[in-house]
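Here's the structure, in structure tokens; my notes come after.
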Amino acid sequence: MKLSVQLYEQARDLIADRLGLDFPERRRADLERGLARVLRSRPATTPHEVLAWLGALPADSHEWRRVAADLTVGETYFFRDGGCFEALEQKVLSALVQSRRAEGAHRLRLWSAACATGEEPYSIAMVLDRLLPDRADWTVTILATDISGKALEAAQRGRYREWALRETPAWVRHRYFRRLPDESFELDPHIRAGVTFAPLNLAGDAYPSLVTNTVAMDLILCRNVLMYFTDEAQRAAVARLQRALVPGGWLVVGPAEASSELFSPLTAVNFPGAIFYRKTGAARPDVILPDLAAPSSPHVAAEPVRQPPIAAAPPERAAPAPADAATSLQHARALADQGDLERARELCETTLARDRLNADAHLLLAAIHQERGQLVAALAALRHAIYLAPDSAPAHFLMGCLLVRQGERRRGRRCMETVVGLLTPLPRGEVLAAGDGLTAGRLLETAQAYLESR
Ligand SMILES: C[S@@+](CC[C@H](N)C(=O)[O-])C[C@H]1O[C@@H](n2cnc3c(N)ncnc32)[C@H](O)[C@@H]1O
């Protein structure tokens, strides 16, 4: 399909705005091919009509997610870029595991952003399976997100053709895959169960956020996707990914994407065959903590601080006014963002000890429990949050995510339907109370993506 100059420019700008994807003149044919695929699914429409139709739809809507799948290459395979996985296994993850063991903090949070059909996060899950013989004693989150619902569905099926295993050593195949009569390979159910899939547009603003479980990451793989973004979308995504990392956390990009300028807020670290980027420096200086061991919270034990030092404010002695509770929750959120989940939890519980009816504190506590992998405690806190604030869309959303993770799809779907019902009447740009900066439109689209993909 050939587009006129005007239509090509209109399509290019619209796609850059909604998906972050860049289609300069040299990739014009790719755009035209992708748009031709979109047109095939809408017979009797002209390119002009398709662009007008898409232009009226919000980013992350179901239709745009399909367009994203038509416009991008989902090509991936297990253990893609051997040097990267070697460095991950032998240097980065082994050192991280060792230091967490030494700290007695058996917790890891990893994220494959733009995971396509799942080969990348599952490869990481296999690496961790080898690094953690005592896996049962660890809380490990492997989050895997992509904009394409189709890719996420395939990822969750966990069945692959031989071509996806072209770089997979024979012993890994034997250990983690079962060959089926139709010559496909079925992934070990334990590895499959270790990865949580969710829809997420990297060109959007739904991350980092406690609600989407995209904070306090030790390691983010964002490979072979930023290279398709416009400069502006790349910069915005890198800034968000950086914020999603704990201090000391790692960002891994594709070999063709390494750029000292783009990743300049992070420090480049060279390994044989791979360059990774590291978030150095201390915790955010604006985080000032109330004294957790203040007399008003005698049940809270002061613990050694695992993260870099955070300045402490004088102890609070008087009972706090509501504004104090809000400030405490703000501190707790900032701590959780930095991965200091233990102190974030303590601060939430201190706040709740003073005000059991604080729905925001229950919700934040639930998100923190989720991050710590304590799903039962998270559900209990959410029940309080929803009881106290039945109209809280973030609380229903989180409940839906947790239920889906626990295999309760029907109940999870009902929660997502509630989210859609609550948010549909609101202006899309409205920032949600206790939603960690999320807008109504963004959460609505994410809930809709869940409903479509499950
Ligand atoms: C080439 S695959 C990368 C897979 C894997 N990370 C790897 O390196 O092998 C690119 C993926 O990026 C996804 N993608 C494209 N635009 C995206 C966006 N705006 N947000 C999230 N994912 C996006 C596509 O759906 C596709 O699955």
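The values are calculated or read from the model by the stated rules, or taken from the named source; none is laboratory data. None of these values were measured; they are calculated from a predicted model. Neighbour counts are summed over all protein chains in view; Cβ atoms, including those assigned to glycine, are modelled from backbone coordinates with ideal geometry.
Which count do you get for residues in the stretch 6-53 that are among the β-branched types (V, I, T) and more than 25 Å from Q234 (Cβ to Cβ)?
Matching residues across the stretch 6-53 total 3.
May I ask you to list the residues in the stretch 356-391 that are within 21 Å of P199 (Cβ to Cβ) and not aliphatic (A, V, I, L, M)?
Those that are within 21 Å of P199 (Cβ to Cβ) and not aliphatic (A, V, I, L, M): Q370, E371.
Could you list, in sequence order, all residues of the stretch 48-96 that are within 13 Å of the ligand (Cβ to nearest atom) and among the β-branched types (V, I, T)?
Across the stretch 48-96, the qualifying residues are V67, T72, V73, T76.
Which of the residues spanning the stretch 101-129 are of a type in the set (K, R) and either within 15 Å of the ligand (Cβ to nearest atom) or within 20 Å of T212 (Cα to Cα) (or both)?
R107, R109
Collect the residues in the stretch 213-222 that are within 14 Å of the ligand (Cβ to nearest atom) and either surrounded by fewer than 18 Cβ atoms within 10 Å (Cβ to Cβ) or modelled with pLDDT of 95 or more (or both), keeping them in residue-number order.
Residues satisfying the conditions are L219, I220, L221, C222.
Pick from S264, S259: which is within 20 Å of R27 (Cβ to Cβ), without any contact (Cβ under 8 Å) to a residue 40 or more places away in the chain and either assigned to a loop (DSSP other than H, G, I, E, B) or within 14 Å of the ligand (Cβ to nearest atom) (or both)?
None of the others qualify; the one that does is S259.
With loosely packed, with under 14 Cβ neighbours inside 10 Å and either within 11 Å of the ligand (Cβ to nearest atom) or not β-branched (V, I, T) (or both) as the only criterion, which of L180, L132 stands out?
Just a single option satisfies the conditions, and that option is L180.
So which helices (runs of 4 or more DSSP H) are wholly in the stretch 352-454 and hold at least 3 residues that are free of Cβ contacts under 8 Å to residues at least 60 places away in the same chain and closer than 24 Å to H106 by Cα?
Those helices (runs of 4 or more DSSP H) span 359-371, 375-388.
Please give the helices (runs of 4 or more DSSP H) falling wholly within the stretch 76-195 in which 2 or more residues are over 27 Å from Q338 (Cα atoms) and modelled with pLDDT under 95.
Result: 82-87, 149-157, 170-176.
Condition first: in contact (Cβ under 8 Å) with a residue 40 or more places away in the chain, within 11 Å of the ligand (Cβ to nearest atom), in a helix (DSSP H, G or I) and not assigned by TED's automatic domain parsing to the domain that holds V127. Can you find one or more residues in the stretch 8-17 that meet it?
Checking the stretch 8-17: at least one residue is in contact (Cβ under 8 Å) with a residue 40 or more places away in the chain, within 11 Å of the ligand (Cβ to nearest atom), in a helix (DSSP H, G or I) and not assigned by TED's automatic domain parsing to the domain that holds V127.
Answer yes or no: is there a residue in the stretch 48-64 that is among the small types (G, A, S), at pLDDT below 95 and assigned to a helix (DSSP H, G or I).
yes
Considering (1) assigned to a helix (DSSP H, G or I); (2) closer than 26 Å to Q242 by Cβ, say which one G339 fails and leave the rest.
Failed condition: (1).
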